[in-house]
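Participant: My questions all concern the structure below.
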Amino acid sequence: MARYTGPNCKMCRREGCKLYLKGERCTNGKCAFDHRSTAPGQHGAARKKVGEYGKQLREKQKARRYYGVLEGQFKHYYEMAEKMEGITGANLLSLLERRLDNVVFRMGMAASRKEARQLVLHAHFTLNGKKVNIPSILVKAGDVIAVKETSKESEKIKALIEAMATTATPKWLENDAANAQTRVVALPEREDIDFEFEEQLIVELYSK
């Protein structure tokens, strides 16, 4: 399955909530969802009865689109979460939070996860001192994500580093803006995720 390349705002409208896919545009009053929150399509405004399966599917799609992962990737993360100790739904969200593109976004080096993914793909970061260009890499406690030295010469990257200094990061990350790097001090837990998910619905969907 190819990555979705259509309008991001359509995904928010389809899920009935802001997924914050376009960075600042989602909060500055220009967001399309603020003006038209109905589902896309000719019959999007019509009231529809949603069954249990529909609710489970929408929750899965919401999480998948929020983190910007493909269907196959998402299922793989679920299978990993199922094999881990603890609550499967919480494990799933923790794995998604640990993706490198999400960490770059959380550290304040990108306005959206999509932008963070592009920055990683273009090899602007190092992981524990080694160049990396794979957005799906899962970080672990003790890892250090830093801006590559040669990338610091870019005016765009310089502006992002300045923004990083004023970014409030979750407690499992520790920013060092002076050195343009972030340390993973712990693995993310369920209470560290500030977006509203009903992860149990996702577990029920995959348990069928």
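Participant: If amide hydrogens are placed 1.01 Å from N in the peptide plane, which non-local residues have theirs closer than 5 Å to the one on Val132?
Facilitator: Placed amide hydrogens put Phe125, Leu127 under 5 Å from Val132.
Participant: Tell me the Rg and the Dmax, in Å, that the Cα atoms of the range 36-177 produce.
Facilitator: Rg then Dmax for the range 36-177, in Å: 17.9, 54.
Participant: Please list, ordered by chain and number, the residues whose modelled amide H lies under 5 Å from the amide H of Glu198; skip anything fewer than 5 residues away on the same chain.
Facilitator: none
Participant: In addition: Which of rounded, prolate or oblate describes the range 99-184 when judged by the alpha-carbon gyration tensor and an a/c cut-off of 1.5?
Facilitator: rounded
Participant: Further, regarding this structure: Extending each Cα 7 Å along its Cβ direction at Asp176 and Glu82, get the distance between those two points in nm, one decimal.
Facilitator: 4.0 nm
Participant: Here is a follow-up. So which of Lys62/Lys208; Lys60/Lys158; Lys62/Lys83; Lys83/Lys131 end up more than 27 Å apart, counting from Cα to Cα?
Facilitator: Lys60/Lys158; Lys83/Lys131
Participant: Sticking with the crude label model, points 7 Å out along Cα→Cβ, report the distance from Lys156 to Lys55 in nm, one decimal please.
Facilitator: For the pair Lys156/Lys55, the computed spacing is 4.3 nm.
Participant: Continuing with this model, one more query. Once the piece of chain linking Thr169 and Glu198 is laid out straight, how much longer is it, given 0.36 nm per residue of separation minus the C-alpha distance between them?
Facilitator: Value of the extension gain: 8.1 nm.
Every number in this text was worked out from the coordinates using simple rules, so none of it is lab data. Predicted model only: the values in this text are computed from it and were never measured. Neighbour counts are summed over all protein chains in view; Cβ atoms, including those assigned to glycine, are modelled from backbone coordinates with ideal geometry.
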